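Read the figures in this text as sums done on the coordinates, not as results from a lab. Remember, predicted model here, so these are calculated numbers, not experimental data. No Cβ is skipped: glycine too gets one built from the backbone with ideal geometry, and neighbour counts run over all protein chains shown.
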Amino acid sequence: MKLLVLSDLHFNQDSDPTLIKDCLSLCRHFKGEVVIAGDALDVLENPTLLESSSFKRIYDELIQYKWIRGNHDFLTELPSELVIDNYLFCHGDRFDAFWSWWPFHFMWVPKFLQFYRTPAEKKKTDLLDYRLTTVTTEYKVTKYALKYKYRGVIIGHTHSPVIIERDDFLLLNPGDMVDSMTYALLDTETGECEHRSI
Ligand SMILES: [Mn+2]
């Protein structure tokens, strides 16, 4: 099966309308299945988003695809995970070590110290925090998917585009529509995948 995989669109009232149009048209014209790995609409930051008719229309369009729930679009009608040809698809937030591994709860300590840091020092520690949570999330989700003998796992959430193929196992993150502006194509029969930019 040929898949178009998108994640972390984070669409809201402030999103670039051209970007929204381009993403919707990409999905509409794709010959295969479309999977959205969570955080398509940013309901977390904009609780009234779906009261707007234009976003309700976007919702009605996206809901026709295989759309998985993220932590910013925690709508009950969305599934929390999906399996296609033994590939596991989930948003990845429940493997985010910051929320699921108790020592990370003490990260408020370095966060508190940020107050006393210069902007340059702050930027460096922000980057280290981001890399640490990204790598630990990828590690935990890979461990889980290997344990349950999936052929691969596809996540979003970290906003970090990744393709790691080793020993017939695939870790894929298509990237996002906020920073990397990338998506992925995956052929679940051959296992081939690649990133594309919008
Ligand atoms: Mn997320």
Name the residue that is surrounded by the fewest Cβ atoms within 10 Å (Cβ to Cβ), counting only residues in region 161-198 that are part of a strand (DSSP E or B) and among the β-branched types (Val, Ile, Thr). 164
Can you find a residue that is within 16 Å of the ligand (Cβ to nearest atom) and closer than 18 Å to residue 24 by Cα anywhere in region 56-64? yes
Give the residues of region 1-19 that are within 10 Å of residue 183 (Cα to Cα) and more than 16 Å from the ligand (Cβ to nearest atom), sorted by residue number. 4
Do we have residue 25 as closer than 21 Å to residue 194 by Cα, of a type in the set (S, T, N, Q) and free of Cβ contacts under 8 Å to residues at least 12 places away in the same chain here? yes
Residue tally, condition surrounded by 15 or more Cβ atoms within 10 Å (Cβ to Cβ) and either part of a helix (DSSP H, G or I) or touching a Gly at 6+ places or on another chain (Cβ under 6 Å) (or both), over region 5-32: 8
Looking at region 147-165, which of its residues are within 16 Å of the ligand (Cβ to nearest atom), in contact with a helix residue (DSSP H, G or I) (Cβ under 8 Å, 6 or more places away or on another chain) and closer than 15 Å to residue 193 by Cβ? 153, 155, 162
Subset of region 133-160 that is among the β-branched types (Val, Ile, Thr) and part of a loop (DSSP other than H, G, I, E, B) - its residue that is farthest from residue 190 (Cα to Cα): 158
Flag for residue 2 being among the basic types (Lys, Arg) and within 18 Å of the chain's Cα centre (by Cα): no
Going through region 159-198 in order, the residues found to be of a type in the set (Phe, Trp, Tyr) and under 12 Å from the mean Cα position of the chain (by Cα) are 183
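Could you count how many residues in region 33-90 are in a loop (DSSP other than H, G, I, E, B) and surrounded by fewer than 18 Cβ atoms within 10 Å (Cβ to Cβ)?
Within region 33-90, the first condition is being in a loop (DSSP other than H, G, I, E, B), and the residues that meet it are 37-40, 42-48, 52, 63-65, 68-80, 85-86.
This time we only want the ones that are surrounded by fewer than 18 Cβ atoms within 10 Å (Cβ to Cβ), so: 44-45, 47-48, 52, 63-65, 71, 74-77, 79-80, 85-86.
The qualifying residues number 17.
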